Amino acid sequence: MTARLAGARVQRSRLALGVGAVAAALLWAVAAAAVVWAVAGLFDWAVELPIDLRRTLRAAAAALGAAAALAALWRAGAVWSRRGVALWIEARTPALRYALVTALEPQPAGIREELERRVAGARWDGALSRAIGRAVMWPSAVILAALGAVLV
């Protein structure tokens, strides 16, 4: 029963973190491209850039955006495994005392019940929300700064 409770909670957390990681990766892609476009736009405004260089900068923006997205997905590596998410949760919820990671493994009935109580009483929704919020906040801020530079 514990493995089911713990596994279900870890799976929901993994899904939330995965959605956050993909959203952050997409935002970082847009942010990286926006920064290149903003800098290129400022240079083009100050000194008219040749059309070939503009095309090259568009391609560079797309390549940098793709690289930023891949880097963000790679950085979120723990999200892609159930054990990695459980360890991530354990690091942010000390009250679990490794009950969650242990509960994912087969256990004798008596131990299973104790782990179930500990996992059921633990709350990590706040840590989950903060992590997802931070993951999308920074690239969003970069996008807004780049858009501000373009508007100037």
For residues in region 115-139 being more than 13 Å from the chain's Cα centre (by Cα) and loosely packed, with under 15 Cβ neighbours inside 10 Å, which is farthest from Trp28 (Cα to Cα)?
Arg117
Determine, yes or no, whether Arg4 is open to solvent by 30 Å² or more (accessible area, probe 1.4 Å), under 30 Å from Leu100 (Cβ atoms) and of a type in the set (D, E, K, R).
yes
Name the pairs whose Cβ atoms lie under 7 Å apart, with the first residue in region 114-132 and assigned to a helix (DSSP H, G or I), the second polar (S, T, N, Q) and open to solvent by less than 20 Å² (accessible area, probe 1.4 Å), and 6 or more positions between them or separate chains?
Leu115/Thr2; Glu116/Thr2; Val119/Thr2; Ala127/Thr93; Leu128/Ser13
With the structure loaded, tell me whether Glu90 is among the acidic types (Asp, Glu), farther than 23 Å from Leu27 by Cβ and at pLDDT below 90 or whether it fails that test.
no
I'd like to verify a number: residues in region 71-107 that are open to solvent by 50 Å² or more (accessible area, probe 1.4 Å), under 11 Å from Ala122 (Cα atoms) and not charged (D, E, K, R), how many?
2
Within region 1-112, considering only helices (runs of 4 or more DSSP H) that don't extend past its boundaries, which have at least 3 residues that are within 18 Å of the chain's Cα centre (by Cα)?
2-46, 51-75, 82-92
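The values are calculated or read from the model by the stated rules, or taken from the named source; none is laboratory data. For clarity, every value in this text was computed on a predicted model and none was experimentally measured. Glycine also receives a Cβ, built like all others from the backbone with ideal geometry; neighbour counts cover every protein chain displayed. Please note that ligands, DNA and RNA were not included when accessible areas were found on the heavy atoms of the full protein model with its side chains. Shrake-Rupley method; radii C 1.70, N 1.55, O 1.52, S 1.80 Å.
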